Amino acid sequence: MNRVILIQATIFLIFLLGCTHEPSLPPVKPVSSYKTVTPSCATCPTDLLCANVDDIVITTSTTFKACEPQPSGQGSFVMDPSFCYIWTPNGQQTDIVTTCIVACNGSICDSTYITIYPPMPVDTMPTGVPCKEDVIYFEKDVLPILNQSCAYTACHNTASAAEGVILDNYSKVISTGRVKPFNLSKSKIYEVITKNDPDDIMPPPPSPKLTTIQINIIAQWILQGAKNEMCDINSQPCNTVNISYATYIKPALASCTSCHRAGNAGGGINLDSYAGMKAAADNGRLYGSISWTPPYKTMPQGSAKLGDCTIKKIKSWIDAGAPNN
Ligand code: HEC
């Protein structure tokens, strides 16, 4: 009998001791417990995203608060009657928002971290927004470097994901490349591309180190906030006045000469000499092939079409009589 009372008293004491502690903020959870919320359109003024704190019993007495300063300027959280925190983007979200919510019921608290990625659906990409010269764009400037040097098979493409790092799309570059917008020294991706130790540097030897120019592009992008702004490269001003054969046409079409030179003149076309280029310009085949106009063969053979601006410049030179200028 006494023993039972003793055990009960001990349990009660432990219980009391447990209760004397102030409810404290729960420990930060591992990244795997982050909830990721992505707005579903590019301008989501009314898209409501509900971040439920589901590890705790939610009753009318549950309280919620943000455990980190709430992100400002891109939207805001409000509590709705069904006890979930609603993130309402204001349509201008360009940064990654990571925030933490604490829900408390009596002395029991739990936290949920959520990361909200800016929207990037391809079908709503703005067209006609000219690229600004002083802005580094993720898709236009950063992604090609990562695709060339990091995001391939056995390394950091989505399928391989070496060490969990995926560098072939914006949200994964931010999360797994551990990019801290505006902060170079806290951005893991910047740290590893600038390491000197061959054991730590990325890409690892024997792959060549990124060039200074490439490193600067990534650095500038992070310092500008590691945003995912879009611009339309085709709406850049395209100067088609006074196009020179020597300084523009010849270098712009230099890659064609691998198949169009003396001794290897595909289709009988030699683009390695002015005379040959002039002939193809005059008979319409040059413009027909690069503008992919039927019935001409599409050139460059087996490769992507030349850029719109390049094609316009070549056309302007042809229209001017394809001079040897
Ligand atoms: C990989 C080799 C290769 C490359 C690179 C290449 N071509 Fe061609 N091109 C050919 C071959 C082969 C033909 C003949 C195709 C045929 O007749 O089926 C041809 C045909 C043409 C023709 C004649 C088309 C027609 O329908 O009359 C033009 C003009 C031409 N190429 C221009 C270019 C230009 C300009 C470039 C670079 C922007 C280029 N080519 C790059 C292989 C190439």
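Take the residue pairs 140/313; 132/313; 227/250 and return only those whose Cα atoms are more than 25 Å apart. Table pairs above 25 Å Cα-Cα are 227/250. Computed about its Cα centre, the charge dipole of the stretch 125-223 is approximately 200 debye, with only Lys, Arg, Asp and Glu carrying charge at their Cβ.
Taking Lys and Arg as +1 and Asp and Glu as -1, the other residues whose beta-carbon sits under 13 Å from that of residue 137 total -3.
Taking a sphere under 14 Å around the Cβ of residue 202 and counting the other residues whose Cβ falls inside, with K and R at +1 and D and E at -1, yields a net charge of -1. Modelled spin labels at residue 213 and residue 320, positioned 7 Å past Cα toward Cβ, are 2.5 nm from each other.
With a Förster radius of 41 Å applied to the beta-carbon distance between residue 180 and residue 274, the computed FRET efficiency rounds to 0.15. Using only Cα atoms, locate the centre of the stretch 130-154 and the centre of the stretch 266-309, then give the distance between them in Å, rounded to an integer. When both Cα centres are located, 29 Å separates them. With θ taken as phi - 60° and the Karplus curve 6.51 cos²θ - 1.76 cosθ + 1.60 applied, the whole-hertz 3J(HN,Hα) list for the stretch 285-298 is 6, 4, 5, x, 7, 7, 8, 6, 8, x, x, 6, 5, 7 Hz, x standing for glycine and proline. Would you please give the FRET efficiency between residue 242 and residue 131, computed as 1/(1 + (r/R0)^6) with r the Cβ-Cβ distance and R0 = 22 Å, to the nearest 0.05? So, using R0 = 22 Å, E works out to roughly 0.40.
Bear in mind these aren't lab numbers, they're just calculated from the coordinates by the rules spelled out. Just so it is clear, the model here is predicted, and its values are computed rather than measured. Quick reminder, even Gly has a Cβ in these numbers, built from the backbone with ideal geometry, and neighbours come from all protein chains shown.
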